[in-house]
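Report on one structure; see the data block that follows.
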């Protein structure tokens, strides 16, 4: 057995102990009560979510319509990650936290935990499909702004307000999450989410700097379009789209006299890549998706340019505001014309078929 300095012979090689080589991040406690090192190596400790986080997860599951037998979509799980502001630094630690979320959903938003209030009926074999029904009383309770997960813990008591409301409603149940449909299992959903986050550069390498474990992400404003991550401010060299002011300007949403000729001849500057180098793709399909996202970006840019030109030709004196749909398209890309890998241009095109038609014409 290797010896340490305290009891070694002079000729023995010195091996530093675990404590001597510790990183400052090993002592910072993050989501679930674990340090980054514990989350990375799963050293036998269980992640304990606080009551506030449990409340957020449960409300999110009820509002989005997913549960143990009807797993969340990749879109839904990504949205939950942004909502609870899960730490995203280091692949292994991030994977542990995401698996914790998925495991908590499987164990707690389930028929076994919500006896009589959530029914998961098996209706299909390949792949397994379930028709899920939820008690109207539980649905109403979870949608109440004052809801707390303590109300679910109180289901073990006969005087539970939710159970009493369920009895008053004649135990009414309603379809939960829509009609049965084939869905990937929870494990596959987790794999797909991690693959997407790695491919889009959303998971950073751990840093030994003695500072907070991760840079706080901006509050999640709502569900992103498909796989769209939380919005990031444009980089310093980003080029504003003609017809808009700087996003940092108080009058950003006001229309400015556009330099249309300049927009058509500008070279699109590339935003800097992730701090820790270009993203590595776990699966070949992610590389294909990234290429398709770039093609969708080109269609978005063409649509914006055409619409700006059209607005210019129709402009009348005093018309100083861009049409709402055009302004929304510009705002989607942070008001600049640059390509952002983390933006979901494919999802934007799907949500705006008029842009697809314009690009095809």
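Which of (1) closer than 24 Å to residue 202 by Cα; (2) in a loop (DSSP other than H, G, I, E, B); (3) in contact with a helix residue (DSSP H, G or I) (Cβ under 8 Å, 6 or more places away or on another chain) does residue 342 not meet, given it meets every other one?
Condition not satisfied by residue 342: (3).
If we scan the range 133-142, do we find a residue that is on the phi > 0 side of the Ramachandran plot, in contact (Cβ under 8 Å) with a residue 24 or more places away in the chain, assigned by TED's automatic domain parsing to the domain that holds residue 80 and touching a strand residue (DSSP E or B) at 6+ places or on another chain (Cβ under 8 Å)? Outline the logic, then answer.
First, the residues of the range 133-142 that are on the phi > 0 side of the Ramachandran plot: none.
No, the range 133-142 contains no residue that is on the phi > 0 side of the Ramachandran plot, in contact (Cβ under 8 Å) with a residue 24 or more places away in the chain, assigned by TED's automatic domain parsing to the domain that holds residue 80 and touching a strand residue (DSSP E or B) at 6+ places or on another chain (Cβ under 8 Å).
Go through the range 79-98 and count every residue that is within 15 Å of residue 50 (Cα to Cα) and in a strand (DSSP E or B).
Summing the residues that are within 15 Å of residue 50 (Cα to Cα) and in a strand (DSSP E or B) in the range 79-98 gives 0.
Can you pull out the residues in the range 125-143 that are closer than 15 Å to residue 61 by Cβ and in a loop (DSSP other than H, G, I, E, B)?
143
Considering the range 101-124 alone, what residues qualify as being surrounded by 19 or more Cβ atoms within 10 Å (Cβ to Cβ) and assigned to a loop (DSSP other than H, G, I, E, B)?
Answer for the range 101-124, where residues must be surrounded by 19 or more Cβ atoms within 10 Å (Cβ to Cβ) and assigned to a loop (DSSP other than H, G, I, E, B): 109, 114, 117.
What single numbered condition from (1) touching a helix residue (DSSP H, G or I) at 6+ places or on another chain (Cβ under 9 Å); (2) buried (at least 18 other Cβ atoms within 10 Å of the Cβ) fails to hold for residue 132?
(1)
Hey, residue 286 hits all of (1) crowded, with 17+ Cβ neighbours inside 10 Å; (2) modelled with pLDDT of 80 or more; (3) within 25 Å of the chain's Cα centre (by Cα) but one; which does it fall short on?
Evaluating residue 286 over (1) crowded, with 17+ Cβ neighbours inside 10 Å; (2) modelled with pLDDT of 80 or more; (3) within 25 Å of the chain's Cα centre (by Cα) leaves (2) as the failure.
Yes or no: residue 177 crowded, with 17+ Cβ neighbours inside 10 Å, under 29 Å from residue 137 (Cα atoms) and either at pLDDT below 80 or touching a strand residue (DSSP E or B) at 6+ places or on another chain (Cβ under 7 Å) (or both)? Write out each step before concluding.
Values: crowded, with 17+ Cβ neighbours inside 10 Å: yes; under 29 Å from residue 137 (Cα atoms): yes; either at pLDDT below 80 or touching a strand residue (DSSP E or B) at 6+ places or on another chain (Cβ under 7 Å) (or both): yes.
Spelling it out, residue 177 is indeed crowded, with 17+ Cβ neighbours inside 10 Å, under 29 Å from residue 137 (Cα atoms) and either at pLDDT below 80 or touching a strand residue (DSSP E or B) at 6+ places or on another chain (Cβ under 7 Å) (or both).
Testing residue 90 on (1) surrounded by 17 or more Cβ atoms within 10 Å (Cβ to Cβ); (2) without any contact (Cβ under 8 Å) to a residue 12 or more places away in the chain; (3) on the phi > 0 side of the Ramachandran plot, one condition comes back false. Which one is that?
Against the list (1) surrounded by 17 or more Cβ atoms within 10 Å (Cβ to Cβ); (2) without any contact (Cβ under 8 Å) to a residue 12 or more places away in the chain; (3) on the phi > 0 side of the Ramachandran plot, residue 90 comes up short only on (2).
Does residue 150 count as closer than 16 Å to residue 57 by Cβ, without any contact (Cβ under 8 Å) to a residue 60 or more places away in the chain and surrounded by fewer than 18 Cβ atoms within 10 Å (Cβ to Cβ)? Explain how you work it out, then say what you get.
Working: closer than 16 Å to residue 57 by Cβ: yes; without any contact (Cβ under 8 Å) to a residue 60 or more places away in the chain: no; surrounded by fewer than 18 Cβ atoms within 10 Å (Cβ to Cβ): yes.
For residue 150, the condition - closer than 16 Å to residue 57 by Cβ, without any contact (Cβ under 8 Å) to a residue 60 or more places away in the chain and surrounded by fewer than 18 Cβ atoms within 10 Å (Cβ to Cβ) - is not met.
The values are calculated or read from the model by the stated rules, or taken from the named source; none is laboratory data. Every value quoted in this text rests on a predicted model; they were computed, and no experiment measured them. In this analysis, Cβ positions are derived from the backbone assuming ideal geometry, glycine residues included, and neighbour counts consider all displayed protein chains.
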